Number of protein chains: 2
Amino acid sequence: MSDIEKKIGLLAGAGEVPAYFSRQATQKGIRIIAVSFSDKIHAELEPLVEKSYSIGIGKPGKIFKTFKDENITDIVMLGKVDKKIIFQPSFFDLRAVTFFKSLLSQEDKILLLGVIKEIEKEGLNVLDQKELLGEIFPAKGVLTKRKPSVKEMEDINFGIPIAKKLADMEIGQTIVVKNKTVVSVEAIEGTDKALARGCELSRGKCVAVKVSRTNQDYRYDVPGIGPQTMESLKSGGASVLAMEAGRVMIVDQEKVVEVANRAKISIVCV
Amino acid sequence: MSDIEKKIGLLAGAGEVPAYFSRQATQKGIRIIAVSFSDKIHAELEPLVEKSYSIGIGKPGKIFKTFKDENITDIVMLGKVDKKIIFQPSFFDLRAVTFFKSLLSQEDKILLLGVIKEIEKEGLNVLDQKELLGEIFPAKGVLTKRKPSVKEMEDINFGIPIAKKLADMEIGQTIVVKNKTVVSVEAIEGTDKALARGCELSRGKCVAVKVSRTNQDYRYDVPGIGPQTMESLKSGGASVLAMEAGRVMIVDQEKVVEVANRAKISIVCV
């Protein structure tokens with residue numbers, strides 16, 4: 001995005017990403033008008049953004065009106081929430097939502113593209129998160145003090161194309177590899193559980209691999225890792241996190257690398 | 001195998017398969033000389049076979065001599081044991097062995113083919129279990145009273161080619177599917193754990209899929225399910241077990257189908 005010196009609407013779900021984005025964007029002079037789906041998210045974002053609203057997920061009319069009143073044309077959708085339920089009056093809780101989203105992930109793409117079309121009908125443009133936040137998608141290289149060993153590089157080179165195939169088959173985007181064997185594969189249980197299982201089955205000292213889908217749509221679905229992922233790898237005793245360069249986000253890279261360095265884990269972007 | 005009216009050597013590991021095979025073979029008039037890797041297996045097989053020996057896994061010389069003294073030329077390797085450690089003096093326990101085997105599964109093929117070559121050097125021929133036991137690899141059709149619904153057939157048809165791809169990538173051979181989403185993928189944790197995870201994440205009512213690898217070598221590695229698998233599916237609340245016809249073994253089909261019928265699970269071979 002060449003013209004970023006303007007106001008952006010932020011549709012904020014749960015997790016660390018919306019606050020992280022708000023801090024980064026504000027530092028870059030981007031003005032953020034946030035609409036949070038809960039009071040908790042709203043409270044967290046309020047000090048970080050130009051204006052913050054808390055609007056129930058079941059009130060798309062009010063959300064659109066708020067953005068229009070604020071003269072917003074571009075919005076970004078961030079955080080863990082099922083964007084398709086924007087158009088549903090109510091739902092159980094985030095855990096149920098996450099589960100529901102996972103379970104419907106095959107249809108997710110179509111539904112979310114439907115939501116984006118609805119948003120565009122309202123005159124709003126949904127931005128690509130990778131273009132907005134390019135700097136948090138690390139390029140090729142080792143981010144940590146510890147470099148992977150030759151044997152670990154072999155596991156990385158073994159694992160990356162397999163993880164890409166699984167991602168492109170719309171299964172998971174995370175695997176754990178050891179001795180050129182796929183130890184665990186993420187499906188809908190989520191990254192952290194797949195990593196924990198892989199570390200346990202490997203008895204630690206394994207290589208975690210995280211990749212994007214070839215046709216990843218960065219408007220609504222961004223593969224990423226953060227401090228929590230790194231804590232999982234640390235407690236599981238993993239040796240390496242290998243990520244696809246330029247296509248997987250690190251939220252709070254400073255903290256992630258610090259945890260990795262202390263745990264002597266290598267982070268490698270390939 | 002056309003000429004089965006002869007003596008066969010059985011190299012027996014743990015699990016229900018060696019005893020099952022011994023019963024079936026004896027009924028068909030095949031004479032079995034069993035070499036079991038533990039006294040426990042030996043005690044179980046002794047009443048079922050013509051002769052039974054218990055020889056430690058670290059004594060291949062004694063094993064070969066026993067088979068030669070018994071004029072055995074054809075052997076079959078059955079049961080859960082790492083066949084490659086036949087040539088190692090000692091090992092921890094079966095759990096460690098199973099783990100070790102799982103972890104090395106990429107190299108397993110090469111190592112086991114090496115073991116088979118060693119065995120062949122001794123003048124012994126390792127038999128294909130599918131040819132010996134053709135009748136326990138069910139052909140196309142529904143084995144249970146309950147037939148899969150149209151929606152379940154869609155999940156089966158969705159899941160089978162995905163499971164085949166994963167199997168051919170040397171990952172697992174079992175997946176759980178629901179609403180055209182892959183809910184869990186087996187890697188090295190084993191079939192039962194992948195099924196339990198898939199059932200839990202699906203909240204039951206899911207389709208379990210089990211397939212063979214395209215180049216499955218049935219001399220040392222046979223994909224199969226048995227009563228224990230069916231009990232896992234029952235307690236997980238699964239609706240359907242879909243297997244690749246003619247290439248996946250059912251151990252104790254009568255009991256498996258009985259459990260499935262009581263639990264209203266469909267077993268479908270496609």
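Couple of notes before you dig in:
- Normalised by 2.2 N^0.38 Å, where N is the number of residues, the C-alpha radius of gyration of the protein assembly as shown stands at 1.14.
- For the range B:137-269, size of Cβ-based charge dipole, Lys and Arg +1, Asp and Glu -1, in debye: 540 debye
- Anisotropy class of the range A:178-270 from Cα gyration tensor, a/c 1.5 cut: oblate
- Scanning chain A for chymotrypsin sites (Phe, Trp or Tyr not before Pro) that sit in a DSSP loop and have at most 16 other Cβ atoms within 10 Å, the longest stretch containing none of them is A:93-270.
- ³J(HN,Hα), Karplus 6.51/-1.76/1.60, whole Hz, each residue of the range A:47-53, x for Gly, Pro: x, 9, 10, 5, 9, 9, 10
- Span from the the range A:137-153 Cα centroid across to the the range B:151-182 one, whole angstrom: 34 Å
- Shielding by partners, peptide B:190-203 (average Cβ within 10 angstrom, other chains): 2
- Residue-wise HN-Hα couplings along the range A:30-36, as the Karplus relation 6.51 cos²θ - 1.76 cosθ + 1.60 with θ = phi - 60° gives them from phi, are 7, 8, 10, 10, 9, 10, 9 Hz; Gly and Pro carry x.
- Mean-position separation - Cα centroids, the range B:44-68 and the range B:195-262, in angstrom: 31 Å
- Entries of B:Lys6/B:Lys68; A:Lys151/B:Lys117; B:Lys28/B:Lys130 with Cα pairs more than 18 Å apart: A:Lys151/B:Lys117
- On the principal axes of its alpha-carbon atoms, the range A:99-244 has extents of 52, 31, 25 Å, going from largest to smallest.
- Positive-end extreme of charge dipole, the range B:137-269 - chosen from B:Ser184, B:Gln216, B:Val240 (charges on Cβ): B:Val240
- Carbon and sulfur %, accessible surface of the protein assembly as shown computed with the full protein complex present, 1.4 Å: 52 percent
- Pairs over the 21 Å Cα-Cα cut-off, from the set A:Lys80/A:Lys193; A:Lys164/B:Lys193; A:Lys180/A:Lys205; A:Lys147/A:Lys264: A:Lys164/B:Lys193.
- Relative counts (whole %) of C-alpha pair distances in chain B, using bins that are 10 Å wide: 7, 29, 33, 22, 8, 1
- Number of partner chain Cβ atoms within 10 Å, mean per residue of B:157-164: 1
- 3J(HN,Hα) along the range A:142-148: 9, 8, 10, 5, 7, 9, x Hz, from the Karplus curve 6.51 cos²θ - 1.76 cosθ + 1.60 with θ = phi - 60°, whole Hz, x for Gly and Pro.
- Between A and B, roughly 2400 Å² of accessible area is buried in total, ligands, DNA and RNA not counted and the probe set to 1.4 Å.
- Taking Cα centre as origin and charging only the Cβ of basic (Lys, Arg, +1) and acidic (Asp, Glu, -1) residues, the dipole magnitude of the protein assembly as shown rounds to 200 debye.
- Structural descriptor for chain B: relative contact order 17 percent, calculated from alpha carbon pairs under 8 angstrom and at least 6 residues apart.
- Ranked order, A:Arg23, B:Arg203 - accessible area, probe 1.4 Å, largest first: B:Arg203, A:Arg23
- Relative contact order (percent, whole number), the range A:135-269, Cα cutoff 8 Å, 6+ residue spacing: 33 percent
- Per residue, the accessible area of chain B comes to 43 Å² when a 1.4 Å probe rolls over the protein heavy atoms.
The values are calculated or read from the model by the stated rules, or taken from the named source; none is laboratory data. Computed from a predicted model, the values in this text were never measured in an experiment. Note that each Cβ is placed from the backbone with ideal geometry, even for glycine, and that neighbours are counted across all protein chains shown. Quick note on the areas: whole protein, heavy atoms, side chains included, nothing else; ligands and nucleic acids left out. Shrake-Rupley method; radii C 1.70, N 1.55, O 1.52, S 1.80 Å.
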